[in-house]
């Protein structure tokens, strides 16, 4: 009897394990959630978790248009995705005057969104990774964008507007473009100048 109970328990754990794997592998596209502040009336933090897909800006605007909360900040967790959609989301955040935060990781075009915040904070153990933009599919054929291209100049102008600092904007863009598209440059370290505050207390894990 005890063996049967143990066997059923193992089967249940196995099913739960398979379910979690399925959920994990299925969670590619960005998801949007609100975290309500208990100490501030009608103040919320928007959480963006997942990849920035083609057409993501439309999803983002739709979500924002259906809520009544007063958003004050955005927590980002993303491995990047489509740069044009990321820029549109970043412009929206910048014009809204929202702060941006990274608790875990923010890579590729997610960095552009992060830099659009009015005030930017990153948990000391979080990972902020950048590389050169590219066209195509990294797993197959792709073409890495080069310095002084139209996109390079566009990104430089965008960051200069977000950060109001030409020197640091050029430094970040050049670091991105000096890093091959298949690699990742870790920015959230003391080895790089960065226009964000590094915090030692995590918002999510404290």
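Values quoted throughout were computed directly from the atomic coordinates according to the rules given, and no laboratory measurement underlies them. Just so we're clear, the structure is a prediction, and the values are computed from it rather than from any experiment. We place every Cβ from the backbone using ideal geometry, glycine too, and count neighbours over all the protein chains shown.
Key figures for this structure:
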item: Order of 32, 57, 177 - criterion: other Cβ atoms within 10 Å of each residue's Cβ, fewest first; result: 32, 57, 177
item: Where labels lie 7 Å past Cα in the beta-carbon direction, separation of residue 175 and residue 138 in nm; result: 1.8 nm
item: Whole-percent pair-distance distribution, where bins are 5 Å wide, for the alpha carbons of the stretch 111-189; result: 3, 14, 24, 25, 20, 10, 4, 1
item: Neighbour-count order for 125, 43, 95, fewest beta carbons within 10 angstrom listed first; result: 95, 125, 43
item: Residues 65, 116, 160, sorted so that the one with the fewest Cβ neighbours within 10 Å comes first; result: 65, 160, 116
